[in-house]
Amino acid sequence: MTEEPKRRRAGHGEDTIYWDAAKNRYVGAVSLGHGPDGKRRRPKVYGKTKTEVRQKIRDLKKEVQSGVKAPANYTVADAVTDWLSRGLKGRDEKGTIGKNRSMAEKHLIPFIGKAKLKELSADDVDDWLDGRAEFLATRSLRDLLAILRRSVAHAQRRDKAARNVALLVTVPEGRPGRPSKALNLEQAKAVLTAARPSRLYAYLVLSLLSGVRTEEARPLTWDHVYLTPEDGVAPHVAVWRSVRRHGETKTRKSRRTIALPQQVVAVLEEHMRRQQKEFAARGAEWSRAGLVFTTRSGEPVDAANVRRDFRAITRKAGLNPEWTPRELRHSFVSLLSDHGIPLEKIALLVGHSSQTTTEAVYRKQLRPVITQGAEAMDVIFAYEQEADAEEN
């Protein structure tokens with residue numbers, strides 16, 4: 001009778017697979033040499049079948065060879081949370097970080113946050129974005145995917161993810177977003193009339209008539225406002241700061257000096273006198289920060305308060321309340337374009353690095369250059385035809 005060959009015991013340093021009755025699972029013990037402390041590194045994987053365990057052993061060894069040590073229970077939510085807390089250092093807490101955290105907590109973590117990052121597939125990401133496309137605009141979907149991509153990339157840099165499947169996915173078409181719009185001249189006048197009794201009046205006049213961004217108007221100080229400069233220099237405002245992190249403007253070109261229309265000068269002078277009276281009545285010193293726009297208590301104005309007050313003003317002016325303060329800048333561009341100001345001049349006034357940016361962002365507010373010649377010729381030749389008709 002032939003004897004069955006004895007099963008060879010795994011040698012020292014070899015992988016082993018065995019049945020664990022207590023766990024009701026097969027166990028794979030992987031030999032990975034010794035750690036820096038001299039102790040033997042022998043992690044374990046589990047599975048219902050030997051085939052499953054063998055595959056997990058192969059995957060584990062691939063991760064080790066690539067230098068990635070992806071934790072088995074590290075989830076998408078963990079990756080996003082780590083990126084928000086560690087990957088955005090130096091960014092504005094209320095601005096960039098707050099916006100990304102809000103979007104992640106509303107539209108990302110509740111839907112795919114529990115998925116283990118090492119098991120996340122491109123199909124999972126596709127399905128998630130397709131589901132959100134019913135509720136969000138394409139721009140918001142693009143921002144969401146960017147959050148996931150950056151979170152996974154952050155995990156990769158810390159050896160917690162082997163690959164970034166979010167890079168394999170494209171953004172689906174979402175709901176149509178509300179396009180930015182511009183006030184026409186009659187609407188702009190109605191808004192300023194409605195705002196006249198408001199504390200926001202000077203703020204709106206400056207934004208509408210000079211193209212200053214709302215994030216540039218809120219931190220503006222009197223030291224940067226020159227209402228009566230010497231040596232024949234025109235009244236102007238130095239737009240050198242914003243509410244962004246460290247007070248920097250949006251781009252280098254955004255740091256600019258703008259001449260002020262006489263109407264803005266008059267409004268700011270009146271605003272300064274009223275502010276001085278308020279502080280004197282309160283027995284307080286001039287605003288320590290020297291801010292142009294403050295609350296009644298002398299504190300900096302908040303973006304949410306500006307939006308709320310602006311909605312009330314547009315409603316009072318008889319306009320649809322779905323207007324935002326940033327659209328004052330669109331209105332500034334539109335009114336200049338209607339008045340025939342060249343695109344390159346508008347780009348300088350709004351602080352864009354090139355007129356290409358102005359044309360791309362404000363294309364709906366800009367009068368198409370290609371039609372200007374035809375429109376001018378229509379006017380010219382209409383006059384000539386009328387003159388010929390009178391002579392005949």
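The values are calculated or read from the model by the stated rules, or taken from the named source; none is laboratory data. Predicted, not measured: the structure shown is a model, and the values here were computed from it. Cβ: placed from backbone, ideal geometry, glycine included. Neighbour counts: every protein chain shown.
Taking residue 193, is it among the β-branched types (Val, Ile, Thr), surrounded by fewer than 20 Cβ atoms within 10 Å (Cβ to Cβ) and in the same structural domain as residue 300 (by TED's automatic domain parsing)?
Against the criterion (among the β-branched types (Val, Ile, Thr), surrounded by fewer than 20 Cβ atoms within 10 Å (Cβ to Cβ) and in the same structural domain as residue 300 (by TED's automatic domain parsing)), residue 193 qualifies.
Can you list the helices (runs of 4 or more DSSP H) found entirely within region 299-359 that contain at least 3 residues being at pLDDT 75 or above and surrounded by 17 or more Cβ atoms within 10 Å (Cβ to Cβ)?
Filter on region 299-359 gives 303-316, 327-338.
Test of understanding: among 62, 23, which residue is outside the structural domain of residue 129 (by TED's automatic domain parsing), part of a loop (DSSP other than H, G, I, E, B) and modelled with pLDDT under 85?
23
Among the helices (runs of 4 or more DSSP H) contained in region 104-179, which hold 1 or more residues that are within 19 Å of the chain's Cα centre (by Cα) and over 14 Å from residue 77 (Cα atoms)?
Here the list reads 122-132, 138-157.
Just to check your reading of the model, which residue among 228, 249 is in the same structural domain as residue 265 (by TED's automatic domain parsing) and modelled with pLDDT of 85 or more?
228
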